[in-house]
Amino acid sequence: MTPLDRSSEERSLILCAVGALAGLVIAGAGLFTAQGTRVAGVPPEDVAIVNQVPILMSDYTAQLRALYDVGLAQATPAQKRRTLDTMIREELYVQRGVELGTQNDVVEVRTALVGAVEGQQSIDADATQPTEEALRDFFRAHPGNYANEGTITLTDYRAPSLDGARAAVAAMRGGQPVAAAAAAHGLRDTGRTSDGEEFYFAARIHLGARLFAAAQALRDGQVSDPLPAPDGVHVLAVAHNAPPTPQPFERVRPQVIEDYRADKVARMQAGADAFLRKRADVQIAPGFE
């Protein structure tokens, strides 16, 4: 082999090595930039990545504002978590809709996709008629949902002191008329329940949960123990208390059917959410978990 031939062969080997190396570089770049490749970390402009589809920080903050009327700095951790969970769920439903052959290039279509997947779950829930036994079991498991709304008539007094409240309660329980005992010991009607007979839900709103719970436990003609509260010491005098009464199954059967199906849809949606979330590749930016 002449020196010229040897030089040409060496140049050919070098060119082949360079070409192979270039091919490896291109292939590696393609591997790490190809669609579907998991990105290491979440870019700063995103709040999460769902199967390589970003959830933009700008969309996230807009959703926070729409749901809670707060900015990113003012939102609580619970508000942030619920907002992100909602957006991840929506993206998973959209991607599921795309799997079924529908495009998602406009907001209206994305909304329709989420509604279509949810609607299919409703259809599946309605496809089978519940048995009578299943309905009765559901009815027995939720007795509070099928009772008449209770009513109560009472007066909410505020006492000048704990001792005054105790003296007034003792006088009322001893047989002195409620109004006279209240006036004698300086108790004043707060006016919260001055409308007379009220449904339970209205009395709960007017009194607050703690005072209403005490009133709900009293029977006709009874008065409560003194009840210290941030605005003073309260005494509740109940004139009439008609607690909620359960309705017979036959009377509320249509409502039981509706509630049974709604509960089934909710359980199916929860199962679908868990399935889609489990099989998805979801990356969440630090601080938004």
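The values are calculated or read from the model by the stated rules, or taken from the named source; none is laboratory data. Everything numeric here is computed off the predicted structure, so don't read it as measured data. Every residue, glycine as well, gets a Cβ built from its backbone with ideal geometry; the counts of neighbours run over all protein chains shown. For accessibility, only protein heavy atoms count, side chains too; no ligands or nucleic acids. Shrake-Rupley method; radii C 1.70, N 1.55, O 1.52, S 1.80 Å.
Points to keep in mind about this one:
- Residue count, the stretch 145-162 (criterion: more than 34 Å from the chain's Cα centre (by Cα), of a type in the set (A, V, I, L, M) and open to solvent by less than 40 Å² (accessible area, probe 1.4 Å)): 2
- GLN176 being closer than 30 Å to PHE275 by Cβ, open to solvent by 70 Å² or more (accessible area, probe 1.4 Å) and in a loop (DSSP other than H, G, I, E, B): no
- Condition broken by THR37, with the remaining ones in (1) under 23 Å from LEU276 (Cβ atoms); (2) at pLDDT 85 or above satisfied: (2)
- Taken over the stretch 185-202, the criterion of being out of contact with any Pro (no Cβ under 8 Å at 6 or more places or on another chain), surrounded by 14 or more Cβ atoms within 10 Å (Cβ to Cβ) and outside any loop (DSSP other than H, G, I, E, B) is satisfied by ASP189, GLU198, PHE199, ALA202.
- Applying the criterion of being among the small types (Gly, Ala, Ser) and assigned to a helix (DSSP H, G or I) to the residues of the stretch 261-289, the residue that is nearest to PHE139 (Cα to Cα) is ALA262.
- Only listed residue being surrounded by 14 or more Cβ atoms within 10 Å (Cβ to Cβ), aliphatic (A, V, I, L, M) and at pLDDT 85 or above, chosen from ALA141, ALA112, ALA75: ALA75
- Those residues of the stretch 219-260 which are free of Cβ contacts under 8 Å to residues at least 60 places away in the same chain and under 16 Å from THR153 (Cα atoms), in sequence order: ARG219, ASP220, GLY221, GLN222, VAL223, SER224
- Among the residues here, ASP225 does not qualify as outside any strand (DSSP E or B) and either under 30 Å from ALA73 (Cα atoms) or under 35 Å from the mean Cα position of the chain (by Cα) (or both).
- Look at (1) assigned to a helix (DSSP H, G or I); (2) crowded, with 16+ Cβ neighbours inside 10 Å and you find that LEU236 fails only one, number (1).
- Unique match (being on the phi > 0 side of the Ramachandran plot and not β-branched (Val, Ile, Thr)) among GLY174, GLY164, GLY196, GLY150: GLY196
- Candidate set from the stretch 268-289 (those that are touching a residue at least 12 places away in the same chain (Cβ under 8 Å) and farther than 26 Å from PRO44 by Cβ); member that is farthest from the chain's Cα centre (by Cα): LEU276
- Residues that are surrounded by 17 or more Cβ atoms within 10 Å (Cβ to Cβ), small (Gly, Ala, Ser) and at pLDDT 80 or above, drawn from the stretch 239-289: ALA285
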